[in-house]
Structures are given as C-alpha cells and as structure tokens.
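Asks: Pasting a structure here, questions to come.
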Amino acid sequence: MTGWRTTPCPWRHALALGGAFLVMVGCQEPGPAVPVPTAADAVHVFTGARVVVGDGTVLDNGTFIVRGEMIVAAGQTGDIDVPPEAGRSTVDLTGQTVMPALVNTHAHLGWERYTGWGSEHFTRDNLVDHLHRHAYYGVGTIISTGSDQETLALEVQQAQRVGDVGGARYLVSPGVGTPGGGPNPRFTDDDGWWGLHAVASVDEARAVVRAEANRGIEILKIWVDARDERRGAQVKLRPDIYAAVLDEAQVRDIRVIAHATTLEDHKRLIEAGARRFIHMPYDREVDDEYLALVDARNVFIVPTLGMVTRREPYRRPVFEDPFFQQQVPDAVISRLRAEAAGRVSEDPEPSAAAAERARVIADNFIQLADHIILGTDAGAVGDFFGYADHLELELFVRLGMTPSQAIVAATTRAARAFGLSDVGNIAAGQTADFIVLDANPLDDIRNTREIAQVFLRGEQVDRDALRAQWTQ
Ligand SMILES: [Zn+2]
C-alpha cells in the first residue's frame, strides 16, 4: 500500500488519514507542541457535508468522527460531541456529499489484464491491482464469485486482513456445481480453469462444504444452470444436492449465493434455504408465490443487469467515457475501440423476443426493488472493475428506483445480505469506508461519479497515484 504514496511529507506515513490531514494543515513539519496522531488512534472530524447514510436517511449537515479505521460517531452537526482540539484534525466538507463506499457482491477478479484476459493473469499482483481499481471508484468491499484460484485468493485475503494489502475488502467465494457445469465458457474453455468444485451426490456436496469451511471460506457460490450444452452441462445441480450444500453451509456459518436465472429454480432454491441470488428470474414474470417467498425468507437478489441487457447506459462505448479512461492507457482505449468497430456490423436488430425479455427483466427488477443488491459481474464479460458499479447504479435508477433506493441497494443492503455488519453505513461502529462527492447523487445518480476522495478503513485512497500508474 505504501508503494502508492509519493508524498513530499516525510511524516505523512504516520498518519492514518494523511490526505485529509494535509487538507487542514498543509505540508508543514508539526511543531513540538502539536502531538502527531498515530495511525491507530488518529482522530479526524469530518463536518459540514450532506451525509447519505446508506440506510435511506440523509443528514443535511452531518458530522462524523473517525478514529483509526472506524467511525466512532455520526449525526447532525451540533448533535455530535467533538473531542478537544489537541490530537485531532477537522476536515470541512461544506458543499460536498458523503456516502458509504459501495459493496459489490458479484465480480470476477484476477483474469482481466486490460491487454488480455485469461487464467495466466491470475497473479497476486493482478489481484491486488483489481482491489485498488475498485477502491479508486469508491467500492469498499468486493466479493469475487467462483473463479478465483483458491490458495492464492486466500493468501491475499489473509494478507489484507493483517494490513499488508490495501484496496477494496476482498471476499473470496469459491464455486460448487455439477460436473461439466460452472461459469460461462469463457472461463471453462481456458486451459487453466480451476474454479469448479464438482459434486454429483449429496455426500460429495457435504464433504466439499466441510472442506471449504476448514479452509476458512465464508462464502460459497452454487451454479444451478444448464446453460452450456457444449460442456455437457445439461444436467442441473439436483435439488437434493443443493439442499445438502445449503444445509451444510448453514451449520458452518457459510453464506451461499446461488447462480440461477429461472423463476422455477429460484422458488425451489428458496424453499431449500437459499437467500442470496446472482441473477433474477429472467425467463418469465415473477408471480405472487415468488414474491411471497422472497418476502418471507428475506431474500437478496443481484440482478447483474449489465450481463443481460445492453440498454443504456451499457449501450454507450465505455472506452469513450472519460470516467473509464482514468484507469487505462491510450493503447487499451484504442484496442477497445477497434474491437467495438469490428462488432458493430454483427449486432442484429433486437428481435421481438429480445424486446419481450428486456420488458420482463425491467418489470421483475422493480417488483423486487426492496430485495435488490449491487453486483456487476465485472471481470467476466467485458465490464470493468469499479467503473461498472456506477453503470449498474445508473441502470437501477433508469429502471425505476429512486437514487436513494439505488444507494441503499449498493451499500447497506448489500453488506447485510452477507452478514457484513461493519460496512455499508456512515454510522458509529462502522468501518470508515466512504466516498466524498462534489455533487449530490440524490439529485442525479450519475453524480456518484463526481468523486473527490475515497477513504477505506480510515485511510485516503491515493487516487492520483493510481490514475498516474494506470494511464502511463
Ligand atoms: Zn459472474
């Protein structure tokens, strides 16, 4: 993490919130009368901002206090007891908006290299880079689902927990499926593909979950899909097998997220105990039975809209967007532009069936609005880390959510869906993961792109250094 820093202030490394402190005091040597806070107990008071708490409420003039990695107080300015002057700094955010860092529950880290894509790119350095890419765009937590090389992934996850790796909080989620099943063929056709724990019986399923629990895995993905006939995966994961996975996982406090795309599979999975889904029912309109199940069992759904719809904003070429261009050099932009030019002629007019499917998806999305959580599938199908999160938020609103609802889905609700109780809010007891924006996303959800600063675990992300590194 310290490798990103290029500061002329020699003492800056001692400050957990170095960037914010500099805003206040400039780059002067602290005099002997001023105690320099240490990383562990530095106290910083952020005041004057509109604070979008993440739970649907807003503090019009908010103050929150960060000590070390944690938010220790938050409320309306004037209601918060500010500690004495000595040993703390104050950051005036008047005119700006603060919101929690995003929680992305569906992506595939490690395979994208921007100059190429494949298992050969799954290295520690690339994985860490992808955590920084999410951090740059204001994503504080990222769940990588079913495509990570597990030993390496767990090493990086552990290194981050002891403070050796920065970026978005990394949560690895290995995958379980039927033999020949698993993710899309872009992964499984790769000679290095490793991601599937194949199970063909109840006993195998329980054994895999036990083994994963013993490795320290906290989240598992299951694929219930027969989408790829080329691989002989016409056989879906059987209900008795996924029921065994869900049962064994519950006993071991492992959170399961199920890949399923049909209404019938969703219903049967919920009845078997599934509470988290990657993908909505795309095949038909949700019915009363399903909506009742989703409510009764408190189900969370990642709609992963970017994968299934090419409507706005996904129709726009990302490589022409300055917000995307911040994370790649000109050579990558040129390559993407050339690839897109080659694709245009192949792009058929949308058929009546495709239009009907888009209508069903939009309709289901809004009926499920109170259960929706953020996930992008970035790293799998051409959408890019961190950037894709803002597209997905925009699409949530285009499909009928208010900006406030979209932010809740992308912060508090996404965190709670996975039992993450310490991220997703601007509130006392939460990790200090937040975004400072120059414009109000409640006016226009696209204002989540107006990022002034990102803080993760109380520390400012050095966005300038990251951008310089990526665009050179
Ligand atoms: Zn995916």
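Asks: In the range 378-401, what count of residues is obtained for those that are within 16 Å of the ligand (Cβ to nearest atom), open to solvent by less than 10 Å² (accessible area, probe 1.4 Å) and closer than 23 Å to THR262 by Cα?
Replies: So the answer is 3.
Asks: Okay, next question. If you check ILE219 against the conditions, is it within 15 Å of the ligand (Cβ to nearest atom), under 23 Å from TYR170 (Cβ atoms), touching a Ser or Thr at 6+ places or on another chain (Cβ under 9 Å) and at pLDDT 95 or above? Give the derivation first.
Replies: On the way: within 15 Å of the ligand (Cβ to nearest atom): yes; under 23 Å from TYR170 (Cβ atoms): yes; touching a Ser or Thr at 6+ places or on another chain (Cβ under 9 Å): yes; at pLDDT 95 or above: yes.
Yes: the conditions hold for ILE219.
Asks: Looking at the range 119-138, which of its residues are within 16 Å of the ligand (Cβ to nearest atom) and either not in a helix (DSSP H, G or I) or not assigned by TED's automatic domain parsing to the domain that holds PHE277 (or both)? Lay out the reasoning, then the answer.
Replies: Here is the first cut: in the range 119-138, the ones within 16 Å of the ligand (Cβ to nearest atom) are 119, 122, 130, 134.
Selection gives PHE122 alone.
Asks: Still on this structure, please answer the following. Those residues that are away from the ligand (no atom under 16 Å from the Cβ) and open to solvent by less than 10 Å² (accessible area, probe 1.4 Å), I need them from the range 304-326; list them, please.
Replies: PRO313, PHE324
Asks: Determine, yes or no, whether GLY375 is within 16 Å of the ligand (Cβ to nearest atom) and either open to solvent by 10 Å² or more (accessible area, probe 1.4 Å) or not charged (D, E, K, R) (or both).
Replies: So GLY375 fits the description; yes.
Asks: Looking only at the range 154-170, decide whether some residue is of a type outside the set (Phe, Trp, Tyr), within 15 Å of the ligand (Cβ to nearest atom) and closer than 27 Å to GLU248 by Cβ. Give the steps one after another, and end with the answer.
Replies: Step one: filter the range 154-170 for residues of a type outside the set (Phe, Trp, Tyr), giving 154-169.
If we keep only those that are within 15 Å of the ligand (Cβ to nearest atom) too, we end up with none.
The answer is no; no qualifying residue exists.
Asks: Looking only at residues in the range 171-196 that are modelled with pLDDT under 95 and assigned to a strand (DSSP E or B), which one is nearest to GLU150 (Cα to Cα)? If you could, list the steps in order and put the result at the bottom.
Replies: Of all residues in the range 171-196, those modelled with pLDDT under 95 come to 177-196.
Right, trim to assigned to a strand (DSSP E or B) and you get 177, 196.
Details: GLY177: 16, LEU196: 11 Å.
Here the answer is LEU196.
Asks: Does GLY177 count as within 16 Å of the ligand (Cβ to nearest atom) and crowded, with 17+ Cβ neighbours inside 10 Å?
Replies: Numbers: within 16 Å of the ligand (Cβ to nearest atom): yes; crowded, with 17+ Cβ neighbours inside 10 Å: yes.
Yes.
Asks: Does at least one position in the range 129-145 carry a residue that is modelled with pLDDT under 95 and either surrounded by fewer than 23 Cβ atoms within 10 Å (Cβ to Cβ) or under 20 Å from ALA378 (Cα atoms) (or both)? First the steps, then the outcome.
Replies: Step one: list which residues in the range 129-145 are modelled with pLDDT under 95, which gives none.
No, because not a single residue in the range 129-145 is modelled with pLDDT under 95 and either surrounded by fewer than 23 Cβ atoms within 10 Å (Cβ to Cβ) or under 20 Å from ALA378 (Cα atoms) (or both).
Asks: Restricting attention to the range 446-460, report how many residues are over 16 Å from VAL103 (Cβ atoms) and open to solvent by 10 Å² or more (accessible area, probe 1.4 Å). Outline the logic, then answer.
Replies: As a first pass, look at the range 446-460 and keep what is over 16 Å from VAL103 (Cβ atoms): 446-447, 449-453, 458-460.
From the residues that got through so far, the ones that are open to solvent by 10 Å² or more (accessible area, probe 1.4 Å) too are 446-447, 449-453, 459-460.
The number of residues fulfilling the criteria is 9.
Listed here are the residues, each with its yes/no results for (1) surrounded by fewer than 16 Cβ atoms within 10 Å (Cβ to Cβ); (2) not assigned by TED's automatic domain parsing to the domain that holds ALA331.
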{"residue": "THR47", "(1), (2)": "no, yes"}
{"residue": "ARG50", "(1), (2)": "no, yes"}
{"residue": "LEU59", "(1), (2)": "no, yes"}
{"residue": "ARG67", "(1), (2)": "no, yes"}
{"residue": "ALA73", "(1), (2)": "no, yes"}
{"residue": "ILE80", "(1), (2)": "no, yes"}
{"residue": "ARG88", "(1), (2)": "no, yes"}
{"residue": "THR94", "(1), (2)": "yes, yes"}
{"residue": "TRP111", "(1), (2)": "no, no"}
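Asks: I would also like to ask the following. Six or more apart or on different chains, Cβ atoms under 8 Å: show the pairs whose first residue is in the range 97-113 and on the phi > 0 side of the Ramachandran plot and whose second is outside any loop (DSSP other than H, G, I, E, B).
Replies: GLY110/HIS121; GLY110/ASN126; GLY110/LEU127; GLY110/HIS130; GLY110/SER144; GLY110/ALA153
Asks: Out of all the residues in the range 199-226, which are assigned to a loop (DSSP other than H, G, I, E, B), open to solvent by less than 10 Å² (accessible area, probe 1.4 Å) and not hydrophobic (A, V, I, L, M, F, W, C)?
Replies: None - no residue of the range 199-226 is assigned to a loop (DSSP other than H, G, I, E, B), open to solvent by less than 10 Å² (accessible area, probe 1.4 Å) and not hydrophobic (A, V, I, L, M, F, W, C), so the list stays empty.
Asks: I need the helices (runs of 4 or more DSSP H) fully contained in the range 361-442, keeping only those with at least 1 residues that are over 21 Å from ALA107 (Cα atoms). Give the derivation first.
Replies: Working: elements: 387-398, 403-410, 412-417.
Result: 387-398, 403-410.
Asks: To continue, here is another question. Listed residues ALA260, ALA296; which is of a type in the set (Gly, Ala, Ser) and either within 16 Å of the ligand (Cβ to nearest atom) or touching a His at 6+ places or on another chain (Cβ under 6 Å) (or both)?
Replies: Just one listed residue meets the conditions, ALA260.
Asks: Continuing with the same structure: When SER421 is evaluated against the numbered criteria (1) more than 22 Å from THR97 (Cα to Cα); (2) within 16 Å of the ligand (Cβ to nearest atom), which criterion, by number, is the only one it fails?
Replies: Only one criterion is unmet by SER421, namely (2).
Asks: Which condition does THR105 not pass, out of (1) away from the ligand (no atom under 16 Å from the Cβ); (2) farther than 20 Å from ARG186 by Cβ, if it passes all the others?
Replies: (1)
The values are calculated or read from the model by the stated rules, or taken from the named source; none is laboratory data. Because the structure is predicted, anything quoted here is derived from the model rather than measured. Note that we place each Cβ from the backbone using ideal geometry, even for glycine, and neighbour counts take in every protein chain shown. SASA here: full protein model, heavy atoms, side chains in, ligands and nucleic acids out. Shrake-Rupley method; radii C 1.70, N 1.55, O 1.52, S 1.80 Å.
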